[in-house]
Amino acid sequence: MVLKKQTVWLLTMLSLIVVLSVYYVTTPGGNPQEVANVNNKAKQAAKENGLTASSIATDQLAAYSLERDQVRHDQVAKLEGQMAAKDATAVEVSKAQDELEAINNLESKEKMLEDMIMSKGYDDAVVDATHDGQVNVYVQADSLSNEQANEIIKMVIDQLGISDVRVTYEPSKTK
């Protein structure tokens, strides 16, 4: 999933605003009016940058996606560093290139799965295939039946061939 640097930055800031808002509301002496003002400013900033209200409502899913993307970015940077190292052998460079290609293939499969899941009527979805042979799927839905979860698990198994799948749903945030 390729995101523009500005979008990633904005989603990170929005997530931070939400976390701080919850903190100030839950601590004694927090002023709910100040929190409402912060949330309104975040919504206004999102509108100015072309984001919709639904993107603000998926803060938790955005956090999962950002975390996954950050881990991937770190892996890619490490592999590119190995490939660019002056003392790297041809075998090491080839192995790093193969791993980089595997990461890119996995990213495209995750994106395709996210699109497939959203085509089933979910507002948003994040698929995170970890290196320990497990896939975490997060969907935005008010509820998730066993049949719906099984359908998602079957899609993941069909596309990735990994059977250790965890499906979690995040309730839609409507105000």
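Brief remarks on what is shown
- Considering the range 60-84, and only residues there that are crowded, with 18+ Cβ neighbours inside 10 Å and in contact with a helix residue (DSSP H, G or I) (Cβ under 6 Å, 6 or more places away or on another chain), the residue that is modelled with the highest pLDDT turns out to be L79.
To keep it simple, each residue is scored yes or no on (1) surrounded by 15 or more Cβ atoms within 10 Å (Cβ to Cβ); (2) at pLDDT 90 or above.
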{"site": "L3", "(1), (2)": "no, no"}
{"site": "I17", "(1), (2)": "yes, no"}
{"site": "N31", "(1), (2)": "no, no"}
{"site": "G50", "(1), (2)": "no, no"}
{"site": "T58", "(1), (2)": "yes, no"}
{"site": "D87", "(1), (2)": "no, yes"}
{"site": "E101", "(1), (2)": "no, yes"}
{"site": "K111", "(1), (2)": "no, yes"}
{"site": "E114", "(1), (2)": "yes, yes"}
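- Test: residue in the range 131-153 that is in contact with a Phe, Trp or Tyr (Cβ under 7 Å, 6 or more places away or on another chain) and among the charged types (D, E, K, R): no
- Qualifying residue in the range 116-124 (condition: among the aliphatic types (A, V, I, L, M) and over 24 Å from V18 (Cβ atoms)): yes
- Members of the range 105-135 found to be in contact with a strand residue (DSSP E or B) (Cβ under 6 Å, 6 or more places away or on another chain) and in contact (Cβ under 8 Å) with a residue 60 or more places away in the chain, listed by number: E110, E114, D123, D124, A125, V126, D128
The values are calculated or read from the model by the stated rules, or taken from the named source; none is laboratory data. Please read all numbers here as calculations on a predicted model, not as lab measurements. Here Cβ is always computed from backbone atoms with ideal geometry, including for glycine, and neighbour counts include all displayed protein chains.
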